[in-house]
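Presented below is the structure to which this report refers.
The values are calculated or read from the model by the stated rules, or taken from the named source; none is laboratory data. Keep in mind it's a predicted model, so treat the numbers as computed, not measured. FYI the Cβ positions are ideal-geometry reconstructions off the backbone, even for glycines, and counts take in every protein chain you see.
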Amino acid sequence: MIGVGLTIALGLALGVILQRGAFCGSSLLSTWVLDRDGRGLIGIGFAIGVSMAGFAVLAALGLVVVDPNPMRLLSAVVGGLVFGVGMVLAGGCVTGTMFKAAEGRLTSILALVGIGIGATAADEGLLLPVKQALVKPTAALKTPPGLHDLLGLSYPVAAGLLAGLLLAGMIVLHARQCRRAGRALLPPVRELLVGAWPPALAGVGVGVLGWLAFLSSTAAQRNYPLGAMGGVRGALSLLVTGKSPGNTWILWLCLGLIAGAALSAALRGGWKLRSAPPETLLIALFGGLLVGIGASFGRGCFMGNMISGLGLLSLHSLVFAAFTVLANWSTTLLYLRGL
């Protein structure tokens, strides 16, 4: 019970950070295309860099075992493309959809249902043969799973060096952007307590929670940092069939995330049930299906692949991330901007 309580507490903290910082992968990426606003990209960079630095220390101390997803090239490419398109239509990535659903957005609630259905169809339903066909061509290849393997370095050394370079670059970019906009590097304490957080600060918070999640999940025999896809699919399975997932760590984390986001929204006066036109609701549901399918094909979502996976120097996650960004930006231009 102590382990469950700590996992829920971790999820609560994650939900608060995501909601305060509006830290949704789809939105953070799309704002660059829509407004040439780079704050979202900087926030993502901070989340990856802080995660990577912490993972390097934990691995060096022998507290965690770094085991990135093996390279499955077609799965990463197709999964990334489907996921990137889907999260624009759904209005959020998996964790983004979760905290927006907790704010009372009906579009996100429907998208979340679609995510669970899509992932289930790809993992054990009609789309399972497609998923297996994507894995098979590259399953026999002996591609190194991590970038550190290609560099011939130990994970702690490679991750420490890359994290240092990435964080130094993000600090310079963040400082330059704040100076141009006339903003302080950090908002006043009162604003941090009651207002919105800049993406950079939210990214740092996500990265730090990634360290704690890695330790917590290792104790629960899961051995992977932050993620969400397994929790959504597990919750749907539990509600529909009564079948509990084998490892409930991710389920408790996601329940805590939703509760934390709802609490944060309520305290800020931002909780409100919001509907939308029927066609928008249908698009959100369809987008959710694509998000679930893409995350299943690609072996992870924005948080699991593009934050935790890149923090683990996974080559598979790197390919998934590249094609997710490509699909997100293309769909943003075609759908949201209407080119």
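What to note about this one:
- Identification of helices (runs of 4 or more DSSP H) wholly contained in the range 61-135 with 2 or more residues that are out of contact with any Gly (no Cβ under 9 Å at 6 or more places or on another chain) and either surrounded by fewer than 23 Cβ atoms within 10 Å (Cβ to Cβ) or without any contact (Cβ under 8 Å) to a residue 60 or more places away in the chain (or both) yields 73-90, 106-124.
- 2 or more residues in contact with a strand residue (DSSP E or B) (Cβ under 9 Å, 6 or more places away or on another chain), under 30 Å from G160 (Cα atoms) and in contact (Cβ under 8 Å) with a residue 24 or more places away in the chain: qualifying helices (runs of 4 or more DSSP H) within the range 248-339: 315-331
- Test: residue in the range 180-198 that is of a type outside the set (K, R), at pLDDT 90 or above, out of contact with any strand residue (DSSP E or B) (no Cβ under 6 Å at 6 or more places or on another chain) and not in a loop (DSSP other than H, G, I, E, B): no
- Whenever a residue of the range 157-171 is more than 13 Å from V204 (Cβ to Cβ), its partners that are outside any helix (DSSP H, G or I) and modelled with pLDDT of 95 or more, lying with C-beta atoms within less than 9 angstrom and at least six residues away or across chains, give the pairs A158/L313; A159/L312; A159/L313; L162/L313.
- Breaking point among (1) more than 18 Å from M98 (Cα to Cα); (2) at pLDDT 95 or above, for P278: (2)
- When the range 103-119 is filtered for residues that are closer than 14 Å to R274 by Cβ and touching a helix residue (DSSP H, G or I) at 6+ places or on another chain (Cβ under 8 Å), the ones remaining, listed by number, are E103, G104, L106, T107, S108, I109, L110, A111.
- Count of the range 18-57 residues which are within 17 Å of C93 (Cβ to Cβ), among the β-branched types (V, I, T) and surrounded by fewer than 24 Cβ atoms within 10 Å (Cβ to Cβ): 2
- Condition broken by L226, with the remaining ones in (1) aliphatic (A, V, I, L, M); (2) modelled with pLDDT under 90; (3) outside any helix (DSSP H, G or I) satisfied: (2)
- In the range 146-175, the residues that are among the hydroxyl-bearing types (S, T, Y) and surrounded by 20 or more Cβ atoms within 10 Å (Cβ to Cβ): Y155
- Residues (hydrophobic (A, V, I, L, M, F, W, C) and under 18 Å from the mean Cα position of the chain (by Cα)) located in the range 319-338: V319, F320, A321, A322, F323, V325, L326, A327, W329
- For the range 5-50, the candidate set comprises residues that are outside any helix (DSSP H, G or I) and farther than 19 Å from P187 by Cβ; within that set, the residue that is modelled with the highest pLDDT is C24.
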